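Colleague: First the structure, then my questions, so here it is.
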Amino acid sequence: MQANEDPIDVGKWREERDSLGVVKVPENALWGAQTQRAIDNFSIGGEALPPAFIQSLAAIKAAAASANAELGLLDNAVASALIDAAEQIMQGDYARHFPVDVYQTGSGTSSNMNMNEVLARLASQKIAREVHPNDHVNLGQSSNDVIPSTLQHAVCTVAVKELLPALADLEQGLRARASEFSGVVKTGRTHLMDAMPIRLDQELGAWAADIADARKGVEWSLGRLRQLPIGATAVGTGVNTPREFGPAVARYLSRAADQTFLAQDGFCNLGSQDASVSMSGQLNVVATALLKLSNDLRWMNSGPHSGLSELALPALQPGSSIMPGKVNPVIPEAVAMACIQVSGLHASITAAGQSGNFQLNVMLPLIARNLLEAVTLLARSAGSLNEKAISGFIVNSDHLAERLSHNPILVTALNSHIGYAQGATIMKEVEASQRSVLDVALEKTDLSREQLEALLDPMMLTEPGIPGVGKP
């Protein structure tokens, strides 16, 4: 077992000191006094910040060490040791050495110092001389600009790596399945009631367009999140750091990513978390689109004997502990729950975003945790829908055609020839007699069978225009 995988030994202790005095720390823990105080003080949630946040925080520290070395403010040996240690953390090493609870000081100072202390200890071990968590690791920085920058960097990273590809794949999957069903016509529904015919490719195309629009909204919000407040330090003025520091950090972060970060809007992005609220709003749009798609799939799959039974989703598991043979739409159900959770997270993020006072928002750990959960839930939801529902459903084409042929609403196609009132009369007769629209219309109008068959052709009714007017 590697040293960074060893469990924290709470049976052996060492003494660490900070400005408040001496603190006992587990002997093999990489953190120091300030982290230990946070562990002792904060136990509300029982949950540390997500790994993606910790890895982005390490990325910020590596970029800061590079920038400080470039500016001649940090010894090259110290900077190199810090960068090496940060890169290990970015790969997921030493994860158990970042235990600070989400529900901590609202600036995230405890998490910033946790990282500073761990990096300082690792770097000190590497070069056999003291590396200080504040004077070296935190050089040119404040928790007030590091934590919101980390939040934004983490969300951008996960969104680009996971969410955007998953949404693009889902959109592509929907369009591919739509192309398979361009000749399949079904009964449209409004208010859950029978409406005019629609082709199945039009229905799936609408889902795909909805996902595409939601994805574009996320991409737009990423533009705001890439504007990091790093270099703003405590209140936005950039005190205690050169003007070149923030842009240099952003440049180093961009080199390590497939996106471009900027250092700007420091005053705005310390006191306000509107960029995060904006992203949360776009994620809520994604959740809404996925929930609508999931619910449509559930309705269309309903039955198979007494429901709509328009399609059959893949049978993934038995659906009942008491009813043999029952199979449920488990993936759309799971996705629907995830989407509802994202909407709840959005409400929390919105309230947290409203909690900025003067030069700092003090709900940063909560915003970070919830945004990262939302991005992850949506990425996995889109992937699950595409792989386990969309790619494998079977269309009950014969059933769709049979149901459509008995749909009295087809009389709407005769409006331009016989008028709404006579159409309503035919509709009532069709429903009362259970005869076809064609048969009743032959009796109630002077239109020929050939004319009626052309006017009532469901495929013709799925295109714009007036039936029988201007069409061959």
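The values are calculated or read from the model by the stated rules, or taken from the named source; none is laboratory data. Here the structure is a predicted model, which is why all the values come from computation and not from measurement. Cβ sites come from the backbone with ideal geometry, for glycine too, and all protein chains shown count toward neighbours.
Colleague: Please work out which residue is farthest from the chain's Cα centre (by Cα), limiting yourself to the range 339-352 and to residues that are of a type outside the set (V, I, T) and buried (at least 21 other Cβ atoms within 10 Å of the Cβ). Step through it out loud before you land on a result.
Modeller: Initially, the range 339-352 is screened for residues of a type outside the set (V, I, T), giving 339, 341, 343-348, 351-352.
Okay, now just the ones that are also buried (at least 21 other Cβ atoms within 10 Å of the Cβ), so 339, 345-346, 352.
Details: C339: 9, L345: 11, H346: 11, A352: 18 Å.
Filtering first and then ranking leaves A352.
Colleague: While we're looking at this one, here's another question. Search the range 32-51 for residues being among the hydrophobic types (A, V, I, L, M, F, W, C) and under 22 Å from the mean Cα position of the chain (by Cα), and hand back the single one that is nearest to L371 (Cα to Cα). So that I can check it myself, show each step before the final result.
Modeller: Within the range 32-51, the subset among the hydrophobic types (A, V, I, L, M, F, W, C) is 33, 38-39, 42, 44, 48-49.
Narrowing further to those that are under 22 Å from the mean Cα position of the chain (by Cα): 48-49.
Numbers: A48: 14, L49: 11 Å.
Ranking the candidates gives L49 first.
So that you can scan it fast, the table gives a plain yes or no per residue for (1) of a type outside the set (G, A, S); (2) at pLDDT 95 or above; (3) over 26 Å from the mean Cα position of the chain (by Cα):
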{"residue": "A232", "(1), (2), (3)": "no, yes, yes"}
{"residue": "G236", "(1), (2), (3)": "no, yes, yes"}
{"residue": "A275", "(1), (2), (3)": "no, yes, no"}
{"residue": "P314", "(1), (2), (3)": "yes, yes, no"}
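Colleague: Can you work out which of the residues in the range 184-217 that are of a type in the set (G, A, S) and in contact (Cβ under 8 Å) with a residue 60 or more places away in the chain is farthest from E463 (Cα to Cα)? Lay out the reasoning, then the answer.
Modeller: If we filter the range 184-217 for residues that are of a type in the set (G, A, S), which is where we start, we get 188, 195, 205-206, 208-209, 212, 214, 217.
Next cut, in contact (Cβ under 8 Å) with a residue 60 or more places away in the chain only: 195, 214, 217.
On the way: A195: 14, A214: 26, G217: 30 Å.
Going through the qualifying residues, I end up with G217.
Colleague: In the range 73-91, which residues are outside any helix (DSSP H, G or I) and within 14 Å of F53 (Cα to Cα)? Let's see the steps before the verdict.
Modeller: Restricting attention to the range 73-91, the residues satisfying the condition of being outside any helix (DSSP H, G or I) are 73-75, 91.
Listed by number, the list holds a single entry, Q91.
Colleague: Determine which single condition V437 fails, assuming it passes every other condition in (1) under 30 Å from S179 (Cα atoms); (2) under 48 Å from the mean Cα position of the chain (by Cα).
Modeller: Answer for V437: the failing condition is (1).
Colleague: Looking only at the range 157-189, which residues are among the hydroxyl-bearing types (S, T, Y) and within 29 Å of the chain's Cα centre (by Cα)? Quick ask: steps written out before the conclusion?
Modeller: Step one: filter the range 157-189 for residues among the hydroxyl-bearing types (S, T, Y), giving 157, 179, 182, 187.
Residues satisfying the conditions are T157, S179.
Colleague: Give me a count of the residues in the range 152-190 that are of a type in the set (S, T, N, Q), outside any helix (DSSP H, G or I) and at pLDDT 95 or above. Quick ask: steps written out before the conclusion?
Modeller: Filtering the range 152-190 down to residues of a type in the set (S, T, N, Q) leaves 152, 157, 172, 179, 182, 187, 190.
Within this subset, residues satisfying the condition of being outside any helix (DSSP H, G or I) are 182, 187, 190.
Now narrow it down to the ones that are at pLDDT 95 or above: 187, 190.
The total comes to 2.
Colleague: Of all residues in the range 151-182, which are out of contact with any Ser or Thr (no Cβ under 9 Å at 6 or more places or on another chain) and not hydrophobic (A, V, I, L, M, F, W, C)?
Modeller: Matches in the range 151-182: K161, P165, D169, E171, Q172, R175, S179, E180, S182.
Colleague: Another question, if that's okay. Quick check on the range 279-318: of everything there that is among the hydroxyl-bearing types (S, T, Y) and assigned to a loop (DSSP other than H, G, I, E, B), which residue is surrounded by the fewest Cβ atoms within 10 Å (Cβ to Cβ)? Quick ask: steps written out before the conclusion?
Modeller: The initial filter retains those residues of the range 279-318 that are among the hydroxyl-bearing types (S, T, Y), namely 280, 288, 294, 302, 306, 309.
Among the residues that remain, those that are also assigned to a loop (DSSP other than H, G, I, E, B) are: 302, 306, 309.
On the way: S302: 14, S306: 7, S309: 16.
By that ranking, first place goes to S306.
Colleague: All but one of (1) in contact (Cβ under 8 Å) with a residue 12 or more places away in the chain; (2) under 23 Å from T241 (Cα atoms) hold for A69, so report the exception by its number.
Modeller: (1)
Colleague: Something else: Could you look through the range 106-150, keep only residues that are free of Cβ contacts under 8 Å to residues at least 60 places away in the same chain and of a type in the set (A, V, I, L, M, F, W, C), and pick out the one that is surrounded by the fewest Cβ atoms within 10 Å (Cβ to Cβ)?
Modeller: A128
Colleague: Also, quick follow-up: Restrict the check to the range 26-36 and report whether at least one residue is surrounded by fewer than 18 Cβ atoms within 10 Å (Cβ to Cβ) and within 18 Å of D84 (Cα to Cα).
Modeller: no
Colleague: Turning to a different aspect of this structure: Regarding W220, is this residue among the aromatic types (F, W, Y), in contact (Cβ under 8 Å) with a residue 12 or more places away in the chain and more than 29 Å from I409 (Cβ to Cβ)? Even if it seems obvious, please write down each step before you answer.
Modeller: On the way: among the aromatic types (F, W, Y): yes; in contact (Cβ under 8 Å) with a residue 12 or more places away in the chain: yes; more than 29 Å from I409 (Cβ to Cβ): yes.
Here the answer is yes, as W220 does meet what is asked.
Colleague: Can Q259 be described as outside any helix (DSSP H, G or I) and not assigned by TED's automatic domain parsing to the domain that holds Q55? Talk me through it step by step, then tell me what you get.
Modeller: On the way: outside any helix (DSSP H, G or I): yes; not assigned by TED's automatic domain parsing to the domain that holds Q55: yes.
Yes.
Colleague: Do the conditions hold for S276, that is, is it in contact (Cβ under 8 Å) with a residue 40 or more places away in the chain, among the hydroxyl-bearing types (S, T, Y) and assigned to a loop (DSSP other than H, G, I, E, B)?
Modeller: Details: in contact (Cβ under 8 Å) with a residue 40 or more places away in the chain: yes; among the hydroxyl-bearing types (S, T, Y): yes; assigned to a loop (DSSP other than H, G, I, E, B): no.
Considered against the rule, which asks whether it is in contact (Cβ under 8 Å) with a residue 40 or more places away in the chain, among the hydroxyl-bearing types (S, T, Y) and assigned to a loop (DSSP other than H, G, I, E, B), S276 comes out as no.
Colleague: Output the residues belonging to the range 121-151 that are part of a helix (DSSP H, G or I), under 25 Å from N28 (Cβ atoms), in contact with a Leu (Cβ under 8 Å, 6 or more places away or on another chain) and aliphatic (A, V, I, L, M). Let's see the steps before the verdict.
Modeller: First pass over the range 121-151, keeping only residues part of a helix (DSSP H, G or I): 121-127, 133-137, 143-151.
In the following step, the residues that additionally are under 25 Å from N28 (Cβ atoms) were identified as 121-127, 133-137.
Restricting the remaining residues to those that are in contact with a Leu (Cβ under 8 Å, 6 or more places away or on another chain) gives 121-123, 133, 136-137.
Result: L122, A123, V137.
For (1) modelled with pLDDT under 95; (2) among the aromatic types (F, W, Y); (3) buried (at least 20 other Cβ atoms within 10 Å of the Cβ); (4) within 29 Å of L163 (Cα to Cα), each residue gets a yes or a no:
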site	(1), (2), (3), (4)
G217	no, no, no, yes
L222	no, no, yes, yes
L228	no, no, yes, yes
V239	no, no, no, no
P242	no, no, no, no
G246	no, no, yes, yes
V249	no, no, yes, yes
F261	no, yes, yes, yes
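Colleague: Under 6 Å between Cβ atoms, which residue pairs at least 6 apart in sequence (or on different chains) link something in the range 447-466 that is free of Cβ contacts under 8 Å to residues at least 60 places away in the same chain with a partner that is in a loop (DSSP other than H, G, I, E, B)?
Modeller: Sorted first by the residue in the range 447-466, then by its partner, the pairs are L455/P467; L455/G468.
Colleague: Another question about this same structure. For D9, are the conditions met, namely being at negative phi and out of contact with any Pro (no Cβ under 9 Å at 6 or more places or on another chain)? Break it down stepwise before answering.
Modeller: Working: at negative phi: yes; out of contact with any Pro (no Cβ under 9 Å at 6 or more places or on another chain): no.
When the stated conditions are applied, D9 does not pass them.
Colleague: Can you tell me which residues in the range 3-55 are in a loop (DSSP other than H, G, I, E, B), free of Cβ contacts under 8 Å to residues at least 40 places away in the same chain and either touching a helix residue (DSSP H, G or I) at 6+ places or on another chain (Cβ under 7 Å) or not hydroxyl-bearing (S, T, Y) (or both)? I'd like the intermediate steps shown before the answer.
Modeller: Pass one, the range 3-55, residues in a loop (DSSP other than H, G, I, E, B): 6-12, 19-20, 27-32, 42-47, 49-50.
Now narrow it down to the ones that are free of Cβ contacts under 8 Å to residues at least 40 places away in the same chain: 6, 9-12, 19-20, 27-28.
Residues satisfying the conditions are D6, D9, V10, G11, K12, L20, E27, N28.
Colleague: Can you name every one of the helices (runs of 4 or more DSSP H) wholly within the range 356-472 that holds 1 or more residues which are surrounded by fewer than 18 Cβ atoms within 10 Å (Cβ to Cβ) and either of a type in the set (F, W, Y) or not assigned by TED's automatic domain parsing to the domain that holds M279 (or both)?
Modeller: Values: elements: 364-385, 397-405, 415-418, 420-433, 437-444, 449-455.
Passing ranges, in order: 397-405, 415-418, 420-433, 437-444, 449-455.
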